[in-house]
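The values are calculated or read from the model by the stated rules, or taken from the named source; none is laboratory data. Please read these numbers as outputs of a predicted model, since none were measured by experiment. As a convention, Cβ positions derive from the backbone with ideal geometry for all residues, glycine included, and neighbour counts pool all protein chains shown.
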Amino acid sequence: MAKPQSDHDRKKQISIRGIAPVEDVSNLKKAFNRHLHYTLVKDRNVSTQRDYYFALAHTVRDHLVGRWIRTQQHYYEKDPKRVYYLSLEFYMGRTLTNTMVNLGIQSSCDEAMYQLGLDIEELEELEEDAGLGNGGLGRLAACFLDSMATLGLAAYGYGLRYEYGIFSQRLENGWQAEEPDDWLRHGNPWEKARPEYVIPVNFYGRVEKTDNGSRWVDTQTVFAMPYDSPVPGYGNNTVNTMRLWSAKAPSSFNLKFFNSGEYINAVIERNVSENITKVLYPNDNMFEGKELRLKQEYFLVAATLQDIIRRFKSSKFGSRDPVRTNFDTFPDKVAIQLNDTHPSMAIPELMRILVDIEGLPWEKAWEICIKTCAYTNHTVLPEALERWPVHLLENLLPRHLEIIYYINFLFIKEVGKKFPGDNDRVRRMSIVEESDEKRINMAFLSIVGAHAVNGVAAIHSEIIKHDTFKDFYEMFPDRFQNKTNGITPRRWLVLCNPGLSDVIADKIGDAWITNLYELRRLERHISEETFLRAVMKVKQENKMKLAQYIETSYGVKVNPASIFDMHVKRIHEYKRQLLNCLHMIVLYNRLKKNPNAPFVPRTIMIGGKAAPGYHMAKLIIKLVNNIAKIVNNDPIIGDRLKIVYLENYRVSLAEKIIPAADLSEQISTAGTEASGTGNMKFQLNGALTIGTLDGANVEMREEMGADNIFIFGMTVDEVEALKVKGYNPREFYDKSADLRQVLEQINSGYFSPENPDLFKDIYNSLMHNDRFMLLADFDSYIQCQDKVSATFKNPLLWAKMCVYNIAASGKFSSDRTISEYAREIWGMEPSDFKLPAPHEVPLETGPIKK
Ligand SMILES: *Cc1c(COP(=O)(O)O)cnc(C)c1O
């Protein structure tokens with residue numbers, strides 16, 4: 001029986017992490033010392049904390065390698081169907097702690113570092129976030145990778161290895177300033193470059209017609225260099241691969257210039273093509289029709305499809321099975337999931353490969369393409385839908401444009417057949433939009449070229465069927481599905497909230513980690529006061545820790561007994577951070593008017609990045625900070641109301657703050673937020689939600705019951721009705737004295753005395769040009785917030801509601817989401833099969849066969 005090496009009384013020792021076996025701790029210490037010496041080439045006299053982080057990262061990485069190789073060998077032997085998740089974004093965050101959690105070596109590593117005199121939490125903080133995403137869409141891709149590995153699916157994430165991820169946000173005098181995210185500066189211990197597998201990707205050129213088809217010629221080639229990162233499943237010894245492509249100029253690049261004595265310039269020119277993967281576009285829910293972005297999208301698709309087809313053809317069974325050369329079984333062996341339309345050039349690219357290169361007849365190729373591809377829609381906001389100008393495609397990808405035209409030609413014919421004489425419908429549905437500037441509608445292309453189209457929450461999937469893509473739903477009713485988003489409980493509970501994880505495990509064991517519906521069992525303990533107290537004690541500890549962080553980071557002292565009210569997500573008008581601002585000002589005005597009236601203390605925290613070119617979003621950040629300055633420094637207010645802007649919101653910050661939240665703000669205009677996933681993270685961590693009936697909030701209410709969530713505002717139907725009737729902000733302004741006061745304060749410079757006109761754009765937007773109808777929901781929001789405060793005064797009731805929230809979060813595990821994708825879209829079956837651990841399989845040591 002193993003026993004702890006030392007008896008220091010940190011709570012990690014007695015937790016779901018288990019105890020650290022003496023042998024393991026000793027081996028970890030040896031490996032750590034070996035890496036410090038041989039990998040980092042340092043001795044302890046000159047080692048920095050960062051060196052220790054890297055030594056630990058390499059030590060942990062060693063535990064992945066055997067499992068990684070064995071998993072890939074296993075896939076080769078068994079040749080199961082593969083799923084390829086194509087995404088321009090993977091918002092992974094940090095890897096070290098997640099790896100230790102999923103491999104079950106957290107307590108051993110912790111003990112090993114402790115014995116070496118190092119603070120493991122301090123080392124964990126030195127890891128850079130892999131910020132290769134903007135927000136929800138990119139984080140979803142990361143949660144899906146975790147779930148696919150945990151469910152034992154033969155899955156691959158394919159994306160781009162941006163040298164610069166999402167910018168780092170700094171506040172300068174309350175304004176957002178962007179700094180480049182040089183995340184690879186110190187090297188990335190989690191990736192393995194695979195230069196032996198580089199793949200050529202072509203651009204530009206022209207189309208040549210031959211006797212037996214078309215050829216794309218005179219192209220410019222850029223190489224795609226794969227970098228692989230391990231994706232460990234939880235406790236099943238599976239390690240999948242995330243493969244990210246980096247652009248590399250071929251060595252023959254600009255050969256003609258080399259020969260003409262332009263050697264130096266030719267080398268410098270190589271940079272231009274390598275710029276393709278330089279930087280992530282920082283827009284969330286916003287289409288920006290830049291050529292470089294189109295290059296990125298095609299670069300991902302072209303490299304990935306070649307890789308997929310190479311793997312299909314090189315199957316162990318391929319040489320014996322001639323079927324593998326005629327592509328009939330391709331859809332039985334390959335599923336391709338498109339994360340939004342960003343990788344939707346996969347459809348014409350697959351057609352080009354099958355028809356132009358493999359020589360398949362169009363009809364056969366089209367059937368394969370549809371059976372293989374599936375498309376996830378992430379938004380109904382028109383400004384976010386990708387519609388590429390034809391002139392860009394004509395220049396960059398001429399053959400693909402031809403193919404898209406032909407797909408459209410055949411499709412339009414089918415529409416005409418199904419709806420004879422309905423010319424308006426045919427015009428509306430054309431993939432090629434004939435406006436003053438011709439454009440390709442990538443969502444239309446994706447629906448036509450895929451066998452499944454899904455929204456990301458029930459309400460959103462209904463909206464795309466009956467509104468956004470109504471015509472397409474009528475054409476292809478069987479293609480449309482719903483797959484409500486989810487989050488991985490490993491990162492978003494076990495990793496980020498060990499205290500709560502332990503309290504839960506004490507009550508119901510730990511099966512919930514891979515079957516989150518198990519949390520329902522907590523409801524049986526809802527009347528045990530000791531349990532409720534334990535839950536609230538953990539929350540209080542998390543709040544104290546965050547209060548400490550806020551004081552050291554921003555110099556603001558917050559009251560840990562106040563409601564921690566959090567609104568963190570990308571800054572966007574549809575997410576209505578401004579509505580939250582109106583509430584802050586209402587509370588401030590109440591306190592000023594009646595300083596001695598009872599008041600439930602609040603700390604309102606807002607965090608999130610604005611796209612650098614989004615004027616209104618940046619002005620909203622400035623407004624929050626200016627309100628904060630006035631409120632926080634008003635002695636009459638004291639510690640009863642504080643406003644904090646959480647700078648540089650990102651995955652690792654989300655992990656720190658969400659466990660400390662009492663209240664989660666999910667207040668988008670109904671019908672605008674496709675799902676939201678931030679809402680789910682808060683619920684799982686025992687925060688209550690104030691929200692509209694939008695996105696996944698609707699399903700959260702179903703799961704936890706209407707009594708356990710604060711719902712306010714218009715429904716989608718009411719929003720639609722008001723649009724039809726005509727939204728008149730003045731009507732709401734005239735009705736409410738509180739609202740008038742707040743708006744006039746914003747307009748007159750109360751929060752910007754040095755520049756009274758500063759926030760006029762915000763006032764004018766709210767009063768004259770507001771697509772998101774803030775004022776229509778104002779009254780209902782304020783009333784609902786008052787109900788929140790009243791409820792918070794009853795700690796026992798609040799605690800019960802928190803437990804009901806946690807108990808009801810089972811549905812929102814990304815394991816559930818991925819199981820549904822697997823069965824209903826990919827034709828795959830999740831499994832709880834556990835591969836043998838590496839030590840159960842000896843290393844190969846005999847002579848190497850030629
Ligand atoms: C989960 C998450 C998001 C998505 O939040 P929403 O509230 O669903 O928009 C964005 N950014 C980060 C860093 C996240 O972890």
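A quick yes/no check of all residues on (1) touching a helix residue (DSSP H, G or I) at 6+ places or on another chain (Cβ under 7 Å); (2) of a type outside the set (Gly, Ala, Ser); (3) closer than 28 Å to Pro842 by Cβ:
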| position | (1), (2), (3) |
| --- | --- |
| His63 | yes, yes, yes |
| Tyr76 | no, yes, yes |
| Pro80 | no, yes, yes |
| Tyr85 | yes, yes, no |
| Thr99 | yes, yes, yes |
| Met113 | yes, yes, no |
| Leu116 | yes, yes, no |
| Glu125 | no, yes, no |
Single unsatisfied condition, Val323 versus (1) modelled with pLDDT under 85; (2) outside any loop (DSSP other than H, G, I, E, B); (3) over 25 Å from His451 (Cβ atoms): (3)
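Residue-by-condition table, conditions (1) of a type outside the set (Ser, Thr, Tyr); (2) out of contact with any helix residue (DSSP H, G or I) (no Cβ under 6 Å at 6 or more places or on another chain); (3) modelled with pLDDT of 95 or more:
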position	(1), (2), (3)
Trp216	yes, no, yes
Thr221	no, yes, yes
Gly233	yes, no, yes
Val239	yes, no, yes
Arg243	yes, yes, yes
Ala247	yes, no, yes
Asn254	yes, no, no
Every residue in segment 162-191 that is surrounded by 15 or more Cβ atoms within 10 Å (Cβ to Cβ) and not in a loop (DSSP other than H, G, I, E, B), please. Tyr164, Ser168, Gln169, Leu171, Gln176, Glu178
Test of understanding: among Tyr204, Tyr114, Tyr197, Tyr162, which residue is closer than 20 Å to Thr71 by Cβ and either free of Cβ contacts under 8 Å to residues at least 60 places away in the same chain or of a type outside the set (Val, Ile, Thr) (or both)? Tyr197
Could you grab me the full set of residues in segment 59-83 that are closer than 16 Å to Leu118 by Cα and of a type outside the set (Ser, Thr, Tyr)? Val60
How many residues does segment 712-759 contain that are more than 24 Å from Asp634 (Cβ to Cβ) and without any contact (Cβ under 8 Å) to a residue 60 or more places away in the chain? 20
Give all pairs with beta carbons closer than 8 Å in which a residue from segment 674-687 that is touching a residue at least 60 places away in the same chain (Cβ under 8 Å) meets a residue that is more than 8 Å from the ligand (Cβ to nearest atom) and of a type in the set (D, E, K, R); count only pairs at least 6 apart in sequence or on separate chains. Gly676/Asp694; Gly686/Lys539; Ala687/Asp662
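Within 9 Å of the ligand (Cβ to nearest atom) and among the acidic types (Asp, Glu): is that true of Glu647 in this structure?
Spelling it out, it is not the case that Glu647 is within 9 Å of the ligand (Cβ to nearest atom) and among the acidic types (Asp, Glu).
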Segment 565-596, subset touching a Lys or Arg at 6+ places or on another chain (Cβ under 7 Å) and within 16 Å of the ligand (Cβ to nearest atom), residue nearest to Asp694 (Cα to Cα): Lys575
Filter segment 706-749 down to the residues that are outside any loop (DSSP other than H, G, I, E, B), of a type in the set (Phe, Trp, Tyr) and over 30 Å from Tyr517 (Cβ atoms) and list them by number. Phe732, Tyr733
I'd like the full set of residues that are touching a Cys at 6+ places or on another chain (Cβ under 6 Å) and on the phi > 0 side of the Ramachandran plot, limited to segment 676-718. Gly686
Evaluate the following for Gly691: is it under 16 Å from Ile459 (Cα atoms), crowded, with 24+ Cβ neighbours inside 10 Å and either basic (Lys, Arg) or out of contact with any Pro (no Cβ under 7 Å at 6 or more places or on another chain) (or both)? yes
Residue satisfying all of: in segment 668-683; over 20 Å from Phe167 (Cβ atoms) and not polar (S, T, N, Q); nearest to the ligand (Cβ to nearest atom) among these: Gly676
Can we say Glu720 is away from the ligand (no atom under 15 Å from the Cβ), under 24 Å from the mean Cα position of the chain (by Cα), surrounded by fewer than 24 Cβ atoms within 10 Å (Cβ to Cβ) and of a type outside the set (Phe, Trp, Tyr)? no
Do we find a residue being charged (D, E, K, R), at pLDDT 95 or above and near the ligand (Cβ under 10 Å from one of its atoms) anywhere in segment 629-639? no
Expected single match for within 11 Å of the ligand (Cβ to nearest atom), surrounded by fewer than 22 Cβ atoms within 10 Å (Cβ to Cβ), under 27 Å from Leu796 (Cα atoms) and of a type outside the set (Gly, Ala, Ser) among Glu703, Glu655, Glu665 is Glu655
Restricting the first residue to segment 79-108 and requiring it to be without any contact (Cβ under 8 Å) to a residue 60 or more places away in the chain, which pairs with a second residue that is more than 16 Å from the ligand (Cβ to nearest atom) and among the acidic types (Asp, Glu) meet a Cβ separation below 8 Å and a spacing of at least six or different chains? Leu96/Glu124
Flag if Val600 is in contact (Cβ under 8 Å) with a residue 24 or more places away in the chain, touching a helix residue (DSSP H, G or I) at 6+ places or on another chain (Cβ under 6 Å) and surrounded by fewer than 20 Cβ atoms within 10 Å (Cβ to Cβ): yes
Subset tally (residues that are outside any helix (DSSP H, G or I) and closer than 21 Å to Val600 by Cβ) for segment 522-573: 12
Selection status of Gly607, free of Cβ contacts under 8 Å to residues at least 60 places away in the same chain, closer than 30 Å to Asn173 by Cα, within 16 Å of the ligand (Cβ to nearest atom) and within 17 Å of the chain's Cα centre (by Cα): yes
